Amino acid sequence: MTKQAILRPKDTAGVLDAIKAAAADKKTVRVIGADTKGGLGRPVSADLTCDLSALSGITLLEAEELVMTAMTGTPLVEIEAALEKAGVQLAFEPLDLGPLYGHAADKQTIGGVIACNLSGPRRVSAGAARDHFLGLEVVTGHGEIIKAGGRVVKNVTGYDLCKLFAGSYGTLGVLTQVTLKVMPLAQRRMTVIVKGLDDATANALLRKVVTQPLDVSGAAHLPAWAVIESDIPDLDGLETSVTAMRLEGFPVSVEGRIARLRKKLAGHADITVLDDDACKRFWADLRVLGPAARRPDYYLWRLSVPPAQGAQVIAAIHQSLRMDVYYDWSGGLIWGLVPSLGGANDEMVRRCVEAAGGHAILMRAPGAFRIKTPVFHPLSDGKAALVARIKESFDPEGILNPGRMYWGI
């Protein structure tokens with residue numbers, strides 16, 4: 001077998017040359033940064049690999065203006081360290097999928113975060129990664145450089161290209177530089193934990209709490225199985241479920257809101273409060289999908305549903321399939337783990353989720369399975385036609401990450 005060529009451009013000009021040459025030769029290209037997300041999406045078979053890890057560095061950080069720009073190969077851990085030193089943060093709290101796919105944590109790049117639109121627990125209050133994506137520089141499959149949004153001239157077509165490229169998984173173009181909105185770093189963070197609630201009761205409580213004027217920045221529920229298997233020191237010895245609500249901000253504000261929240265939870269006897277360090281450890285584990293990463297042989301589903309419909313969706317799935325679940329985003333995001341021997345039952349899972357108005361992504365499964373079954377939620381005929389036209393507009397020869405999201409696209 002011929003060894004696949006790996007291209008390692010050092011700057012945007014190098015990326016442009018590489019993509020132009022590939023397009024001219026009609027060679028397909030797999031685009032990677034730290035390559036921590038190879039298990040996400042359909043396996044990509046390509047002639048070349050374009051490794052962006054040399055495109056590294058923060059080119060702009062203006063904390064007072066709440067904006068930063070970085071090359072896409074910049075490790076996220078370097079960006080977060082620089083932001084923390086400046087007193088700001090990425091408010092959408094990006095997930096780190098490395099441990100889910102057998103890699104170490106803190107290896108991913110900012111380009112991978114944006115390309116996959118990875119938002120963590122704080123999405124419930126801060127929005128998605130794409131909502132903080134202000135500007136881009138990208139090399140399209142045409143072999144052209146496009147700059148849009150942020151600190152460049154507004155795109156005259158009126159299209160928000162940042163929204164389009166966030167979550168495109170490298171299928172439309174090779175992101176080389178991104179500009180992001182940042183937000184002030186919280187001075188205090190605390191998490192109220194209620195123990196012993198069943199899933200339906202916990203999710204009803206979370207839905208109620210996030211609608212209150214408490215500015216909850218995290219709302220998750222871990223059933224007993226996830227707590228028992230947890231390696232978070234602050235949960236050691238617990239054999240019951242935990243329902244967690246995080247509050248962040250100025251110390252006086254957080255303490256006042258915690259007091260109000262505790263009053264609203266007066267009917268619940270078993271309540272614990274995690275302060276700064278313990279609070280960080282709890283949510284850091286959810287950022288790396290700890291409960292799922294600790295079961296490496298299980299299929300993993302990401303079920304996005306209306307929060308009020310979660311219990312019904314899981315009840316319907318359980319009629320046909322054993323699935324252990326835990327919840328984030330006040331019940332609107334369900335992570336479902338299926339034993340490998342049980343298979344994924346993908347059509348049944350998607351039907352149950354779709355009936356509730358949601359969608360499902362198969363986040364982890366063997367490569368051979370992901371080749372033959374949809375990974376992302378299937379598109380309607382109209383949406384599939386639109387996606388195909390967009391792909392053709394930016395990558396007419398279909399050379400970039402071919403088939404990563406959908407067959408033939």
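What the table below lists for this structure:
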{"read-out": "Residue that is farther than 27 Å from ILE146 by Cβ and part of a loop (DSSP other than H, G, I, E, B), where the choices are GLY41, GLY120", "value": "GLY120"}
{"read-out": "Segment 49-60 - residue that is among the polar types (S, T, N, Q) and surrounded by 15 or more Cβ atoms within 10 Å (Cβ to Cβ) and, of those, farthest from GLY127 (Cα to Cα)", "value": "THR49"}
{"read-out": "Residue count, segment 326-341 (criterion: touching a residue at least 24 places away in the same chain (Cβ under 8 Å) and over 18 Å from LEU95 (Cα atoms))", "value": "3"}
{"read-out": "Close pairs (6 angstrom Cβ cut-off, 6 or more residues apart or separate chains): under 9 Å from VAL124 (Cβ atoms) in segment 206-221, in a loop (DSSP other than H, G, I, E, B) and not charged (D, E, K, R) anywhere", "value": "GLY218/PRO121"}
{"read-out": "Options LYS37, LYS10; residue that is buried (at least 18 other Cβ atoms within 10 Å of the Cβ), in contact (Cβ under 8 Å) with a residue 24 or more places away in the chain and closer than 26 Å to PRO94 by Cβ", "value": "LYS37"}
{"read-out": "Selection from segment 360-404 of residues that are assigned to a loop (DSSP other than H, G, I, E, B), farther than 17 Å from LYS37 by Cα and of a type in the set (D, E, K, R)", "value": "ASP395, GLU397"}
{"read-out": "Sole residue being assigned to a loop (DSSP other than H, G, I, E, B), free of Cβ contacts under 8 Å to residues at least 24 places away in the same chain and either of a type outside the set (D, E, K, R) or surrounded by 22 or more Cβ atoms within 10 Å (Cβ to Cβ) (or both), chosen from ALA81, ALA46, ALA104", "value": "ALA104"}
{"read-out": "Subset tally (residues that are outside any helix (DSSP H, G or I) and buried (at least 20 other Cβ atoms within 10 Å of the Cβ)) for segment 303-324", "value": "3"}
{"read-out": "Residue among TRP301, TRP329, TRP335 that is outside the structural domain of VAL44 (by TED's automatic domain parsing), out of contact with any Lys or Arg (no Cβ under 7 Å at 6 or more places or on another chain) and within 22 Å of SER119 (Cβ to Cβ)", "value": "TRP301"}
{"read-out": "Tally, over segment 320-360, of residues that are at pLDDT 95 or above and within 11 Å of TYR299 (Cα to Cα)", "value": "6"}
{"read-out": "Per-region count, segment 61-73, residues loosely packed, with under 15 Cβ neighbours inside 10 Å and in a strand (DSSP E or B)", "value": "1"}
{"read-out": "Qualifying residue in segment 364-380 (condition: surrounded by fewer than 20 Cβ atoms within 10 Å (Cβ to Cβ), modelled with pLDDT under 95, closer than 25 Å to LEU206 by Cβ and over 22 Å from the mean Cα position of the chain (by Cα))", "value": "no"}
{"read-out": "Hits in segment 195-208 (condition: in contact with a helix residue (DSSP H, G or I) (Cβ under 7 Å, 6 or more places away or on another chain) and among the β-branched types (Val, Ile, Thr))", "value": "none"}
{"read-out": "Residue match in segment 206-217 (condition: part of a strand (DSSP E or B) and either modelled with pLDDT under 95 or within 27 Å of the chain's Cα centre (by Cα) (or both))", "value": "yes"}
{"read-out": "Residue identified as in the same structural domain as ILE32 (by TED's automatic domain parsing) and at positive phi among GLY120, GLY170, GLY196, GLY111", "value": "GLY170"}
{"read-out": "Qualifying residue in segment 123-134 (condition: within 21 Å of the chain's Cα centre (by Cα), part of a loop (DSSP other than H, G, I, E, B), over 29 Å from ALA24 (Cα atoms) and not assigned by TED's automatic domain parsing to the domain that holds GLU248)", "value": "yes"}
{"read-out": "Enumeration of residues in segment 235-252 that are more than 25 Å from the chain's Cα centre (by Cα) and under 26 Å from ALA91 (Cα atoms)", "value": "PHE250, PRO251, VAL252"}
{"read-out": "Filter result (surrounded by fewer than 18 Cβ atoms within 10 Å (Cβ to Cβ) and under 20 Å from the mean Cα position of the chain (by Cα)) within segment 325-360", "value": "HIS359"}
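The values are calculated or read from the model by the stated rules, or taken from the named source; none is laboratory data. It should be emphasised that the depicted structure is a prediction, and the values quoted were computed from it without experimental measurement. Cβ: placed from backbone, ideal geometry, glycine included. Neighbour counts: every protein chain shown.
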